[in-house]
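K.L.:
Here it is: the structure, laid out below.
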Amino acid sequence: MKNISYLMGVLLMLFFNQISFAQGEPTSGIKKFSHAVTLGYNLGATAPFSLPNTIREINSYQLLFTPSIGYEVKRHFNDRWGIGGGIQFGIKGMKVTDSVQYFHTILTMEDGQFEGDFSGTNQTQVYNAYLVVPLYGVYQSKLWSFKLGGYLAYAMSKRFKGFVADGYIRKGNSLGGKVLIDKSSFDFSNEMKDWDWGVYAGVGRRFDANWSVNFNVQLGLEPIFPDSFKGVGYKLRNIYTNIAASYNLGSF
């Protein structure tokens, strides 16, 4: 939560700096606010920033049904600069199958949970519903707009589960006793954090007075699991691009 508070403090500081900068700018003939609704789709992965050496090969990646809907409002200081924010509801998820070696995890066995380093095939499905609040600065021209800021998200529902197969696990670590695994499941949904935050950046292209298309990146800086959790041997973050159509509701 300390990191979240720090991020929101930085965003608020940027907000007030923008207001101070804009006070001397001419606003004659420019309406202060505009708002819009968005409908889009999230593409990406819940993954580490770089693949660890325990993942030897990505065998398949499958998109899931990950729509988003949102409302945004912008405060215009002049015909170029402003700030914006809003609220979005969206699904972030994917299904991936990979070949792993000495992948640290916790499996559900017949006689209970078993922690160790697994080698074989791993399949993971992530499917999380988030309520997202972005806050960003805006620069716009006649046809294009650019955003840069941050976001804070709350997980309304969480799913992180899958199975391992066709391999073996060594108890405790890579030097532990070897146990053959035909297939075994895991479900870490309840271990995930409720909050996510990170960088929000995007570009938009206007096509007429009402319609535009936006490409927004949400780069999570907060790992989805706490440091104390040992079910995944590396830090996973939400790394997604939202492609959305935006309908302008007008200015005021």
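The values are calculated or read from the model by the stated rules, or taken from the named source; none is laboratory data. The structure displayed is predicted, hence computed values, not measured ones. Note that each Cβ is placed from the backbone with ideal geometry, even for glycine, and that neighbours are counted across all protein chains shown. With ligands, DNA and RNA removed, areas are computed over all heavy atoms of the protein, side chains included. Shrake-Rupley method; radii C 1.70, N 1.55, O 1.52, S 1.80 Å.
K.L.:
Considering all alpha-carbon pairs of the chain, what whole percent are spaced by more than 31 angstrom? Walk me through the numbers on the way to the answer.
P.N.:
On the way: 11270 of 31626 pairs.
Summing the P(r) of the chain above 31 Å gives 36 percent of all pairs.
K.L.:
Separate question: If you take every residue apart from Val73 with its C-beta less than 14 Å away from the C-beta of Val73, what net charge results, scoring Lys and Arg +1 and Asp and Glu -1? Kindly include the intermediate steps, with their values, before the conclusion.
P.N.:
Numbers: positive: Lys31, Lys32, Lys74, Arg75, Lys147; negative: Glu72.
Summing Lys/Arg as +1 and Asp/Glu as -1 gives +4.
K.L.:
Points 7 angstrom from Cα along the Cβ direction at Asp187 and Gln125: gap in nanometres?
P.N.:
1.2
K.L.:
Another one. Give the carbon-plus-sulfur fraction of the accessible surface of the chain in %, rounded to a whole number; probe 1.4 Å, heavy atoms of protein chains only.
P.N.:
On the way: 7850 of 13330 Å².
Summing carbon and sulfur atoms, their accessible area is 59 percent of the total for the chain.
K.L.:
Would you look at the GNM of the chain, springs on alpha carbons closer than 10 Å, and say which of Ile224, Ile58, Ile169 moves the most?
P.N.:
Ile58
K.L.:
If you find the alpha carbon centre of region 131-175 and of region 108-130, how far apart are they in angstrom?
P.N.:
Between the Cα centres of region 131-175 and region 108-130 lies a distance of 19 Å.
K.L.:
If the elastic network links every pair of Cα atoms under 10 Å, which of Ile87, Ile106, Ile55 fluctuates the most in the Gaussian network model of the chain?
P.N.:
With Cα springs under 10 Å in the chain, the top fluctuation among Ile87, Ile106, Ile55 is at Ile55.
K.L.:
Report, in listed order, any pair from Lys74/Lys158; Lys74/Lys193; Lys92/Lys193; Lys31/Lys142 with a Cα-Cα distance greater than 23 Å. The partial results should precede the final answer.
P.N.:
Numbers: Lys74/Lys158 31 Å; Lys74/Lys193 30 Å; Lys92/Lys193 14 Å; Lys31/Lys142 15 Å.
From Lys74/Lys158; Lys74/Lys193; Lys92/Lys193; Lys31/Lys142, over 23 Å: Lys74/Lys158; Lys74/Lys193.
K.L.:
Report, to the nearest 10°, how far helix 2-22 tilts away from the longest principal axis of the Cα atoms in the chain, using its own Cα long axis and a range of 0 to 90°.
P.N.:
Once rounded, the angle reads 20 degrees.
K.L.:
With every protein chain kept in place and ligands, DNA and RNA left out, what is the accessible area per residue of the chain? Probe 1.4 Å, answer in Å². Walk me through the numbers before you get to the answer.
P.N.:
Details: 13330 Å² over 252 residues.
About 53 Å² of surface per residue is accessible.
K.L.:
With Cβ to Cβ distances under 11 Å as the rule, what net charge do the other residues near Ser60 carry (K, R +1; D, E -1)? List each step's numbers first, then the result.
P.N.:
Numbers: positive: Lys95; negative: Glu57, Asp98.
Summing Lys/Arg as +1 and Asp/Glu as -1 gives -1.
K.L.:
Under 11 Å from a point placed 7 Å out from the Cα of Val213 along the Cα-to-Cβ direction: which residues of region 142-166 have their backbone N that close?
P.N.:
The answer is none, because no backbone nitrogen lies closer than 11 Å to the label point.
K.L.:
Test of understanding: in a Gaussian network model of the chain with alpha carbons linked when under 10 Å, which of Leu180, Leu152, Leu135 would top the mean-square fluctuation ranking?
P.N.:
Leu180
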